[in-house]
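Trainee: A single structure is presented below for examination.
The values are calculated or read from the model by the stated rules, or taken from the named source; none is laboratory data. As the structure is a prediction and not an experimental result, all values here were calculated from the model. Ideal geometry is used to build each Cβ from the backbone, glycine not excepted, and the neighbour counts take in all protein chains shown.
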Amino acid sequence: MFHKIKDISALPDFRLSVQFAEGVTKIYDVKPLFEKIPCFTELKGNIEEFYSVYVDVGGHGIVWSDDLDISCDELWENGIEVETPFDGLMAFSYATELWGLNEGTLRKAITYGKLVNCVDVCKFGKQRAVSAEAMKREYGAADNRSPANRQ
């Protein structure tokens, strides 16, 4: 399963806080890579470069330079999950992608009371977020295949 990265933050002691689109946050320790992968040793000596990390286009991984990147799979599998106040929340756009729905379907679900505003769904500025548990309750297990691969 593809675990899309939503946001990345560099932390002290060469750790990363990785927010995944499905509402999970993990802490990933980069230090073991210094010994395993030689090109990562340049980060060890350049803290400014370490803090310049960003999410690549599409959320498939994180990047420092053309030679330094880490895949979303590595971050998911070897990161340690941490609890945050936003656990289990995902953007409407990502929920519709996972469940193969239209955003209008989710808006109607709020109108008809299937998804309860301020309980199952919340709004942050112009963006709506929905809890993964509410989506599972109302629509069953997520269809984790990419929309392009659905038949």
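Trainee: So which of Val24, Val82 ends up being touching a Gly at 6+ places or on another chain (Cβ under 9 Å) and aliphatic (A, V, I, L, M)?
Mentor: Val24
Trainee: Taking strands (runs of 3 or more DSSP E) that fall entirely within segment 80-141, which contain at least 3 residues that are of a type outside the set (D, E, K, R)?
Mentor: Of the strands (runs of 3 or more DSSP E) lying wholly inside segment 80-141, those with at least 3 residues that are of a type outside the set (D, E, K, R) span 89-91, 121-124, 127-131.
Trainee: Can you tell me which of (1) out of contact with any Asp or Glu (no Cβ under 8 Å at 6 or more places or on another chain); (2) touching a residue at least 60 places away in the same chain (Cβ under 8 Å) is the one Tyr94 doesn't meet?
Mentor: (1)
Table: residues versus (1) among the aromatic types (Phe, Trp, Tyr); (2) within 21 Å of Ile8 (Cα to Cα); (3) touching a residue at least 24 places away in the same chain (Cβ under 8 Å).
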residue: Phe86; (1), (2), (3): yes, yes, yes
residue: Met90; (1), (2), (3): no, yes, yes
residue: Asn102; (1), (2), (3): no, no, no
residue: Leu106; (1), (2), (3): no, no, yes
residue: Tyr112; (1), (2), (3): yes, no, no
residue: Val116; (1), (2), (3): no, no, no
residue: Arg128; (1), (2), (3): no, yes, yes
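Trainee: Let me ask another. If you go through segment 55-69 one residue at a time, do you hit one that is assigned to a helix (DSSP H, G or I), in contact with a helix residue (DSSP H, G or I) (Cβ under 9 Å, 6 or more places away or on another chain) and without any contact (Cβ under 8 Å) to a residue 40 or more places away in the chain?
Mentor: No: segment 55-69 contains no residue that is assigned to a helix (DSSP H, G or I), in contact with a helix residue (DSSP H, G or I) (Cβ under 9 Å, 6 or more places away or on another chain) and without any contact (Cβ under 8 Å) to a residue 40 or more places away in the chain.
Trainee: Inspect all residues belonging to segment 69-84 and state whether any of them is over 15 Å from the mean Cα position of the chain (by Cα) and at pLDDT 90 or above.
Mentor: yes
Trainee: Identify the residue in segment 88-128 that is small (Gly, Ala, Ser) and at pLDDT 90 or above and, among all such residues, is surrounded by the most Cβ atoms within 10 Å (Cβ to Cβ).
Mentor: Residue satisfying both the conditions and the ranking: Ala95.
One line per residue, one yes/no per condition, for (1) among the aromatic types (Phe, Trp, Tyr); (2) within 26 Å of Gly58 (Cβ to Cβ):
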| residue | (1), (2) |
| --- | --- |
| Tyr94 | yes, yes |
| Gly104 | no, yes |
| Lys108 | no, no |
| Lys114 | no, no |
| Cys118 | no, no |
| Ala129 | no, yes |
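Trainee: Let me ask something else. Being part of a loop (DSSP other than H, G, I, E, B), exposed (fewer than 13 other Cβ atoms within 10 Å of the Cβ) and either at pLDDT 90 or above or not small (Gly, Ala, Ser) (or both): is that true of Pro32 here?
Mentor: Taking the combined requirement at face value, the residue does not satisfy it.
Trainee: A further question follows. Being surrounded by fewer than 12 Cβ atoms within 10 Å (Cβ to Cβ), assigned to a helix (DSSP H, G or I), of a type outside the set (S, T, N, Q) and not assigned by TED's automatic domain parsing to the domain that holds Ala134 is true for just one of Glu42, Glu74, Glu48. Which residue is that?
Mentor: Glu48
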